[in-house]
Amino acid sequence: MARLEDLPEPQYSHLFNLECPTYPDRPWTVGPPLNQRRIALISTAGLHPRGAPPFIGFSDEYRVIPGTAQAKDLIMSHISTNFDRSGFFEDWNVVFPLDRLRELAEKRVIAGVADYHYSFMGATDPRQMESRCPEVADLLKRDQVNGVLLTPA
Amino acid sequence: MATTQISLIRLHTEKIKPPRALWVPFDLGRPLGAPNDPGFQTRVLMAALKLLEAPSGPVLEDFPDEAPASEDYSGPVACPLPINASGEQLVGIDRLRADFLSETAQMGVWYEIARKKRQRTSVGASGLDPRTISEFLAACLQGGPPPNPRPEIPLASMVKLAIEDLKAYYFEAAAAQPGRSNPDIKQLNDWFWGRTAAGGVFMELHRILRQSADPGLRFLAERLLVPMSQASRLASGKGQK
């Protein structure tokens with residue numbers, strides 16, 4: 001379980017005391033209903049296509065995951081050893097639900113699935129990754145994405 | 001750009017206050033709940049996506065259900081007895097190394113079954129095949145820096161990638177055994193860290209690499225090698241049963 005209070009020490013204290021970024025602004029955007037949204041996934045699970053360079057150390061880089069990717073194409077190089085990976089080994093959708101998104105698009109629950117998705121390596125300090133965000137945001141806009149699902153490791 | 005997210009640690013989301021977040025009570029590493037359960041995953045996904053229609057924010061909602069429990073066979077994971085490949089009476093590190101190389105080779109049977117059944121594998125981040133990975137990690141037991149099979153990657157990072165690939169190899173092999181399509185996480189980890197030669201090697205690497213002259217290897221050993229959930233094995237000094 002990921003209820004913090006149920007995690008054993010020292011993991012509980014590590015996560016309880018983890019410094020989190022805070023932001024002075026609360027930007028908010030409204031948009032169309034879900035069935036008019038083109039959705040992209042952004043993961044922090046350190047995912048990348050097989051053959052792409054792995055994440056090295058506390059990397060601020062991101063990797064591009066084509067919307068045509070299949071389960072066999074995606075591997076993980078997150079540096080943390082403190083989360084379960086066996087779920088991903090069994091079924092990539094438990095971390096990166098691209099098959100589930102495709103099904104929702106087929107049923108017209110969402111308007112469509114983005115041509116490109118992205119992954120960062122979530123152990124990196126968010127302040128380091130922030131410099132990459134405008135670039136990824138621009139790529140999403142050019143892909144006509146109007147809804148992003150962020151998924152953790 | 002409208003975003004919504006799945007959150008595994010509610011406290012962090014409360015502090016950060018993103019526009020839209022769905023907290024889920026699932027294990028770290030399983031944001032969509034459970035493998036091989038499309039219906040449940042879709043429920044979680046829809047709950048997160050629906051937040052895009054919220055009229056104002058920030059929004060933090062709680063997913064109401066626990067992930068489906070594993071109904072797998074709960075008996076021990078079958079692991080081939082390590083065979084002393086040299087036929088000699090080895091002890092200590094030499095015995096551990098021989099057992100590890102033999103065990104890794106024998107786990108290959110289940111691993112290949114898993115790979116054919118699922119038509120995929122998560123092994124690959126190191127760019128090495130399982131045999132080369134095991135030989136590389138066995139060489140790390142020597143104490144001095146081993147030859148780096150991929151010199152373009154820093155040695156400590158290469159060791160880390162090899163370690164995670166080897167765990168993937170073992171876990172995929174274990175899950176191929178009958179009745180284990182959704183293995184219990186704790187059982188898998190207790191088996192790997194407590195009963196396999198590979199887990200023993202990783203515990204020994206933790207001890208050896210903490211004394212390395214390479215700061216990257218020392219950091220790896222201290223922070224990135226043994227999960228916090230297995231810290232008690234280190235504290236007791238009796239890594240394996």
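The values are calculated or read from the model by the stated rules, or taken from the named source; none is laboratory data. Small disclaimer: the values here were computed from a predicted structure and weren't measured. Cβ: placed from backbone, ideal geometry, glycine included. Neighbour counts: every protein chain shown.
Exactly one residue out of A:G31, A:G57 is assigned to a loop (DSSP other than H, G, I, E, B), within 30 Å of B:G127 (Cα to Cα) and modelled with pLDDT of 90 or more, and it is A:G57.
The single condition among (1) within 7 Å of chain A (Cβ to nearest Cβ); (2) surrounded by fewer than 17 Cβ atoms within 10 Å (Cβ to Cβ); (3) assigned to a helix (DSSP H, G or I) that B:H12 does not satisfy is (2).
As a summary of the residue check, A:D84 satisfies the conditions (1) touching a strand residue (DSSP E or B) at 6+ places or on another chain (Cβ under 8 Å); (2) at the interface with chain B (Cβ under 7 Å from one of its Cβ atoms) except for the one numbered (1).
I'm checking my understanding of the structure. Among residues of the stretch A:91-112 that are surrounded by 20 or more Cβ atoms within 10 Å (Cβ to Cβ) and part of a loop (DSSP other than H, G, I, E, B), which one is nearest to the other protein chains (Cβ to nearest Cβ)? The extreme case among them is A:D91.
Note on the stretch A:54-67: among residues that are more than 9 Å from chain B (Cβ to nearest Cβ) and either surrounded by 20 or more Cβ atoms within 10 Å (Cβ to Cβ) or without any contact (Cβ under 8 Å) to a residue 12 or more places away in the chain (or both), the one that is nearest to B:E152 (Cα to Cα) is A:S59.
Looking at this structure, is A:H78 at negative phi, assigned to a strand (DSSP E or B) and buried (at least 20 other Cβ atoms within 10 Å of the Cβ)? So A:H78 fails the test. Could you list, in sequence order, all residues of the stretch A:129-149 that are surrounded by 12 or more Cβ atoms within 10 Å (Cβ to Cβ) and out of contact with any helix residue (DSSP H, G or I) (no Cβ under 9 Å at 6 or more places or on another chain)? Residues satisfying the conditions are A:M129, A:R132, A:C133, A:V136, A:A137, A:L139, A:L140, A:D143, A:Q144.
Each row is one residue, and each column tells you yes or no for (1) within 14 Å of chain A (Cβ to nearest Cβ); (2) crowded, with 16+ Cβ neighbours inside 10 Å; (3) closer than 23 Å to A:H48 by Cα; (4) not hydroxyl-bearing (S, T, Y).
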residue: B:S102; (1), (2), (3), (4): no, yes, no, no
residue: B:Y111; (1), (2), (3), (4): yes, yes, yes, no
residue: B:K117; (1), (2), (3), (4): yes, no, yes, yes
residue: B:G143; (1), (2), (3), (4): no, no, no, yes
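Of all the numbered requirements in (1) part of a loop (DSSP other than H, G, I, E, B); (2) within 7 Å of chain B (Cβ to nearest Cβ), A:G51 misses one, and that requirement is (2). Select from the stretch B:46-75 the residues that are of a type in the set (D, E) and more than 7 Å from chain A (Cβ to nearest Cβ) and write down the one among them that is nearest to the chain's Cα centre (by Cα). It comes out as B:D72.
Restricting B:R20, B:R30, B:R43 to those that are out of contact with any Lys or Arg (no Cβ under 7 Å at 6 or more places or on another chain), farther than 21 Å from A:V136 by Cβ and more than 7 Å from chain A (Cβ to nearest Cβ) reduces the list to B:R43. Out of A:F83, A:F88, one residue alone is closer than 30 Å to B:G39 by Cβ and either assigned to a helix (DSSP H, G or I) or more than 16 Å from the chain's Cα centre (by Cα) (or both). It is A:F88. Checking each residue in the stretch B:96-131 for being over 20 Å from B:A174 (Cα atoms) and not in a loop (DSSP other than H, G, I, E, B) picks out B:L96, B:R97, B:A98. Can you work out which of the residues in the stretch A:1-48 that are touching a residue at least 12 places away in the same chain (Cβ under 8 Å) and basic (K, R) is nearest to the other protein chains (Cβ to nearest Cβ)? Top of the filtered list is A:R37. Residues of the stretch B:165-213 being surrounded by fewer than 19 Cβ atoms within 10 Å (Cβ to Cβ), in contact with a Phe, Trp or Tyr (Cβ under 9 Å, 6 or more places away or on another chain) and within 14 Å of B:S70 (Cβ to Cβ), which ones? Of everything in the stretch B:165-213, those that are surrounded by fewer than 19 Cβ atoms within 10 Å (Cβ to Cβ), in contact with a Phe, Trp or Tyr (Cβ under 9 Å, 6 or more places away or on another chain) and within 14 Å of B:S70 (Cβ to Cβ) turn out to be B:Q177, B:G179.
Among the residues of the stretch B:203-220, those that are in contact with a helix residue (DSSP H, G or I) (Cβ under 9 Å, 6 or more places away or on another chain) and aliphatic (A, V, I, L, M) comprise B:M203, B:L205, B:I208, B:L209, B:L217, B:L220. Looking across the stretch B:185-227 at every residue that is under 23 Å from A:Y12 (Cβ atoms) and polar (S, T, N, Q), the one that is nearest to the other protein chains (Cβ to nearest Cβ) is identified as B:N189. A Cβ distance below 8 Å, combined with a sequence gap of six or more or placement on separate chains, defines the contacts here; from the stretch B:167-179, residues that are more than 10 Å from every other protein chain (Cβ to nearest Cβ) and in contact (Cβ under 8 Å) with a residue 24 or more places away in the chain reach residues that are of a type in the set (D, E, K, R) and assigned to a helix (DSSP H, G or I) in the pairs B:A176/B:K117.
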